Amino acid sequence: MKTRQFSEDQIVKLLQDAKKGEKSVEELCRDLGCSTASFYAWKKKYGDTSPDEARRLLGQNGLA
């Protein structure tokens, strides 16, 4: 199965949309095409970061 990479902008936007509470986490993940497990892993990793901070974190981990 091919893995799909999401940009840090997409991840941060998903986290911000979930924080607003207009849609459920399941609906947001379905729209983006990711699993809810991925969402919660990203939430644990990035928390309340901006896209620039997320990019910096990815760069530190050697993923960028």
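Candidate cross-link partners of residue 23 among the aspartates and glutamates, defined by an alpha-carbon separation under 12 Å and a same-chain spacing of 8 or more, comprise 31.
Below 15 angstrom from the Cβ of residue 24, what's the summed charge of the other residues (Lys, Arg +1; Asp, Glu -1)? Residues near residue 24 contribute 0 overall.
In this calculation the C-beta distance from residue 23 to residue 56 is compared with R0 = 30 Å, giving a FRET efficiency of 0.60.
Amide H to amide H distances under 5 Å link residue 23 with no residue, where only residues 5 or more positions off or on other chains count and H is placed in the peptide plane.
Given their separation in residues at 0.36 nm each and the Cα-Cα distance between them, residue 43 and residue 30 gain 3.1 nm when the chain is fully extended.
Taken together, the values in this text are just the output of simple stated rules run on the coordinates, not laboratory data. Since this is a predicted model, take the numbers as computed values, not measurements. Ideal geometry is used to build each Cβ from the backbone, glycine not excepted, and the neighbour counts take in all protein chains shown.
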